[in-house]
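Input: a single structure, listed below in structure tokens.
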Amino acid sequence: MTDSNTTRREGDGGRRRFLGGLGLLSMAWAGGLLYPVYRYLAPTIPKDPFDAEGKAPVEGVKAEDIAQPGQGRNAGFAGGGLVVFRTPEGELRALSSKCTHAGCNVEFQGGSIHCHCHGGVYDLEGKNVSGPPPKPLTRYRVAEQGGLLYVYRPDKA
Amino acid sequence: MADHMHTVPEEALKELPPAHKALGKLGRALLARFPVWPIVDFLRNKKVPEHRHAAWYMMGGLALFFFAIQVFTGILLMVYYRPAEPWQSVQRIVMEVPYGNLMRSIHHWSANLMILTLFLHMFSAYFMKAYRAPREGTWLVGLALLGLCMAFGFSGYLLPWDDLSFFATNVGLTEMEKAPGLGPWLASLLRGGPAVTTDTIGRFYVLHVVVLPLAVLGLIGMHLLFVQIQGMSEPDSFAALPACQKKHKKFFFDYFASEIPVWLAAFALLVALSAIWPRALEAEADPFGAAPLGIKPEWYFLAQYQALKLFPGKLEYAGMALMGIVPLLCALVPFFDRAVPSDRRGTWIERAGVALLVGFVVLTVWGWIS
Amino acid sequence: MNYPIWDVGGLGAGLVVAIIAIIHVLISHVAVGGGAFLVVAEIWSRRQPDGQRVRDWLHTFATFFLVYTTVLGATTGVGIWFSVQLASAEAISLLIHQFVFAWAIEWVFFLSELTVLYLYYYGFKRNTPRMQTFLAGAYFVIAWGSLVVINGILTFMLTPGAWTIENKDIAAGFFNPGYFPALLIRTVTMFLLAGLAGFLVASRIRDEEFKGRIIQFCVKWVIPGAILVPGLGYWYFTTLPASTVTILAGGTVGVVGGTLSALTRMAILAGVAGTSLVLGTLVFAAYPKTVNTIAAISMLLVAQLGIMGAEFFREMGRKPYVIHGVLYSNGLWVKDAKDPARLNGPYLEKAKWHGGVASGTLAHGEQVFRLQCASCHTRDGYRSVVYRTRNWTAGFGSRWLGTMHDMGVMPPFQGDALDKAALVAYVLSLRGETVDPRDLLPDRQATAQGDDLDPDGSGQALPGLEVAGAEVGR
């Protein structure tokens, strides 16, 4: 019976270093095995919501829902929430619905856009006019095709 | 308990690294708060007998290894599996999620290897007579574990909700229903009604990820505790040797060192099977569709399935009685077998064991090829 | 087509070759690497203070080596000869005719290495130390020579390089792009495997101290190979033909499903096998006295699994050829396939071993199956045709046969419309549907389902339309 790991002998330092190294190597190996697990769990990078022509379909609202000036509603597309409306002059607009303050979804209220979480207010161009929001809402070019609505990738400023 | 620090025993102080080293400080700090040195000392000196049949001692640990893989990959699968959309979520795992196919295939193959190892573990314990006093409790808990692991297999099999899952589960539950007395009631309870539906998935899912894991983990704990307290069972020829001739290996780390390569090979086997034969996902289950040709249960149920086929018509009850008697006899073996030396061949207990093993293998192969 | 078919029930001829080869490859590499092991061990043993005890162990190793390599190795090696000739006589005929001198050298080497090994073994106790070392060295050189030669022929099959059937440039064919990477991989692997064989024989030593020393000696043989092989494998991969890479890079598809390409799965297996070998061997190095036979067998199993994986995926990429770009697996020559007159003429007039069946019968269809499909598929066993055509309708089958080559893993269909119809009728008959082949001819299929790619409305693509890479056990 060999007493391999209780008494400390001469020359054991080299062996202990080897064992220590082996232990570290094993842990590194086990860590390496976790790479596929990490890839499995890691959220995938969302695909570009815009197609080859830079267009993306809007879901949750059809052209007929906002045919009249002053109509508007919350909707969305693959890249996030939208507030889609028609200005009193009849122009069709789409803005990101994500409030730049803390991320709540804003609401169209006829002449302005409000965020109910902390009272932020934006005008119909998306500019932050009152309350805590530090920046304007992202604006998307929107067009109608065959009764459905599409937004376009924002041009780089 | 008294509200003070404990004195670290003399012996512990000698064995720990010196007090100026980090590990030494840590060891002293822990032992002063948790007086567990007797347990540490016990484990330190744990020994495994060395003899001709010692290789079989590895089977239990190997089964535990495969079980650990099941828990790990099972948790991963649960991240993306949705019981309300069973087939679609499994398809997503297999087709879209990075390495999803690998995780699922490993889960499938590890289940099969675990049950195979469990059978090897049970039969080797049987033939080495490890069930004898004082180890009757370990044996009974072990048999219960085997049954629960087969229930794991049965419940998990349905979850992908493909053709194969659905019809194999149906076949299994129909057989269960035929059992007199409790059969129909139990089948109905498991199914959540008269037929296998998506409601069944909810019940099987809860069984598979909560109820069975709790039960199995509890029983494994008992099983391992019993083994630690009682030590490894020794064959009579070994036990009869004079003390100086009995060779033992210290578990930490000599025996463990010889176990690691075996676990590495088991892992490599698992990865090889998953890489070369990934688990297929068949078409989504159609409860009204025709069953696929040649549908049969998974291999570990084939022996019973084939055996029941041997008892047609009214003889079915005889077949089922047999299915019930065999596990019962297995459970009672420790109470029959007392005096005969464990190395002797030819007693009726050995013969019964050989008959069971041969019968099991023959029926399984027969079920496979028919 | 030019040769009769070896019809092996549920396995198929190819699988028989595979099983024998997978067993043989481990043995043959141990046989060569073990030669180097013997030489080094001979020299090492003379330098040990307990030289006699070491030599006694070496004699045990040599006994194992002799039986393992000259009995099992020779049996499986000859087994390969038998099985490959039966599985693909056309390909073997080409290899023999092109490399007749190489084959002759092989046989000379086999004969000499066996002779030298027997002289070494039976003179173990009587020969002088110099003679023993010389004999072991001679054995290794000759055995490695046999590897050098066979490697040319084997790698030629997948990467013929500048050799064509017109120029018959044997030198270019022998020293083809895959030659040197494969030679290096095999040479490194054989030292690794020799070390593992050493572990196995050493694990039986009873004296723990002595066992520890022998194990340490063997450790040095294993570690370098286990580390180097994956990288060398990558080098080999870069020499593979484009169509092979396409097949391996395609995901597993259809109902097997999955994003993992064959390439990824092979890399995972190679990585796990290689690292497990390194770790396991390092544990042996740390605890040499504890190495038992089960642990040694486990390491051999890991090596076998890695090799089996490499072979499996390489074979996947070989499709549809047996000699890449020259000869399809079913005996159809690529040059014939490029000539529409030869490809689309009536098959029974070209095939030699169809047993004189009447045209347009189920028997006709069966012969088409045997001579064109059975080289890779069985009826309902391995790579089951019944399984793969489970959703087929009659019209779909005939149309599919015309486009199956586009999948990348199948040769083009050889024959005319009647041949296709007969084959489809035969395939349908395997699952119990009786159809008269003549009813399947295009002119009678007026009410075809159009290009119905989903005739049973299941919403799933049919197996026949899968992209290359679908490797299922069935």
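Observations on the model:
- Cβ-Cβ distance of residue B:244 and residue A:26, R₀ of 41 Å, FRET efficiency by 1/(1 + (r/R0)^6): the value works out to about 0.70.
- Debye equation applied to the C-alpha atoms of chain A, log10 I(q)/I(0) at 0.16 Å⁻¹: -0.91
- Cα-based equivalent ellipsoid, the range C:1-65: semi-axes from gyration tensor eigenvalues, Å: 44, 11, 7
- Between the range C:61-84 and the range B:17-77, the alpha-carbon center distance in angstrom: 44 Å
- Comparing each chain alone with all protein chains together (probe 1.4 Å, DNA, RNA and ligands left out), the residues of the range C:267-286 losing at least 20 Å² of accessible area are C:268, C:269, C:272, C:275, C:276, C:279, C:282, C:283, C:286.
- Considering helices alone, the calculated mean residue ellipticity of chain C at 222 nm is -20500 deg cm²/dmol, with DSSP H runs of length four and up weighted by -39500 (n - 2.57) and normalised per residue.
- Probe 1.4 Å - accessible area at residue B:122, Å² to nearest ten: 30 Å²
- For B:25, B:14, B:47, the ranking by accessible surface with the largest value first comes to B:14, B:25, B:47, using a 1.4 Å probe.
- For the pair residue A:67 and residue B:78, label points projected 7 Å from Cα toward Cβ lie 5.2 nm apart.
- Simple label model, 7 Å out from Cα along Cβ direction - residue C:443 to residue C:92, nm: 4.4 nm
- Between residue A:97 and A:81, A:82, A:83, the built amide H atoms are under 5 Å apart, and every one of these is 5 or more places off in sequence or on another chain.
- Most positive-pole-ward Cα, C:16, B:335, B:172, against dipole of the protein assembly as shown from beta carbon charges: B:335
- Residue among A:21, A:72, A:131 with the largest mean-square fluctuation in a Gaussian network model of chain A, springs linking Cα atoms under 10 Å: A:21
- Carbon + sulfur, % of accessible area of the protein assembly as shown - ligands and nucleic acids excluded, 1.4 Å: 66 percent
- Sorting B:269, B:189, B:214 on solvent-accessible area from highest to lowest, probe radius 1.4 Å, gives B:214, B:189, B:269.
- For the protein assembly as shown, the Rg and Dmax computed from alpha carbons only, in angstrom: 34.2, 111
- Between 0 and 90°, nearest 10: helix C:394-403 axis offset from chain C longest Cα axis: 60 degrees
- The residues of the protein assembly as shown expose on average 47 square angstrom of accessible surface per residue, using a 1.4 Å probe on protein heavy atoms.
- Using 0.36 nm per residue and subtracting the Cα-Cα separation, the extra length available between residue C:141 and residue C:47 on full extension is 31.5 nm.
- Members of B:21/C:220; B:14/C:211; B:247/C:211; C:168/C:319; A:55/A:98 lying beyond 24 Å, as alpha-carbon distances in this model show: B:21/C:220; B:14/C:211
- Here each label is just a point 7 Å from Cα along the line to Cβ, and for residue C:22 and residue B:326 those points are 2.9 nm apart.
- Crossing angle, helix C:129-158 versus chain C [Cα axis fit, 0-90 degrees, rounded to tens]: 20 degrees
- Added length on full extension, which subtracts the Cα-Cα distance from 0.36 nm per residue, residue B:19 to residue B:352: 114.0 nm
- Taking chain B as a Gaussian network of alpha-carbon nodes connected by springs under 10 Å, the highest mean-square fluctuation of the residues B:113, B:293, B:23 belongs to B:23.
- As a calculated quantity, the FRET efficiency between residue B:171 and residue A:18 at R0 = 51 Å, using C-beta atoms, amounts to about 0.40.
- Accessible surface buried by the C/B pair amounts to about 3000 Å², both sides summed, 1.4 Å probe.
- Charge-dipole axis of the range B:53-298 as Lys and Arg at +1 and Asp and Glu at -1 on Cβ define it, positive-most pick from B:123, B:197, B:90: B:123
- Between residue C:216 and residue C:59, the contour length at 0.36 nm per residue exceeds the Cα-Cα span by 54.7 nm.
- Shape box of chain C [Cα atoms, principal axes, largest first, Å]: 90, 46, 36
- Degrees separating the helix A:12-41 axis from the principal Cα axis of chain A, which is the longest one: 20 degrees
- When the surface is traced with a 1.4 Å probe over the full set of protein chains, residue B:271 keeps roughly 10 Å² accessible.
- Within the assembled protein chains, the solvent-accessible surface assigned to residue B:211 is about 70 Å², based on a 1.4 Å probe.
- In this structure, residue A:52 and residue C:245 have a Cβ-Cβ separation that, at R0 = 25 Å, corresponds to a calculated FRET efficiency of about 0.35.
- Farthest toward positive dipole pole in the range C:13-328 [+1 Lys/Arg, -1 Asp/Glu at C-beta], among C:199, C:317, C:263: C:199
- Take every pair of alpha-carbon atoms less than 8 Å apart whose residues are at least six positions apart; their mean separation over the length of chain C yields a relative contact order of 18 percent.
- In terms of accessible area, using a 1.4 Å probe and ignoring ligands and nucleic acids, C:420, B:249, A:47 rank largest first as A:47, C:420, B:249.
- Across every direction, the projection of the convex hull enclosing the Cα atoms of the range B:1-45 has a mean area of 3.3 nm².
- Extent along principal axes [Cα atoms of the range A:7-79; Å; largest to smallest]: 92, 25, 14
The values are calculated or read from the model by the stated rules, or taken from the named source; none is laboratory data. Here the structure is a predicted model, which means the values were calculated and not measured. FYI the Cβ positions are ideal-geometry reconstructions off the backbone, even for glycines, and counts take in every protein chain you see. To get the accessible areas, we keep the full protein, side chains included, count just its heavy atoms, and leave off ligands, DNA and RNA. Shrake-Rupley method; radii C 1.70, N 1.55, O 1.52, S 1.80 Å.
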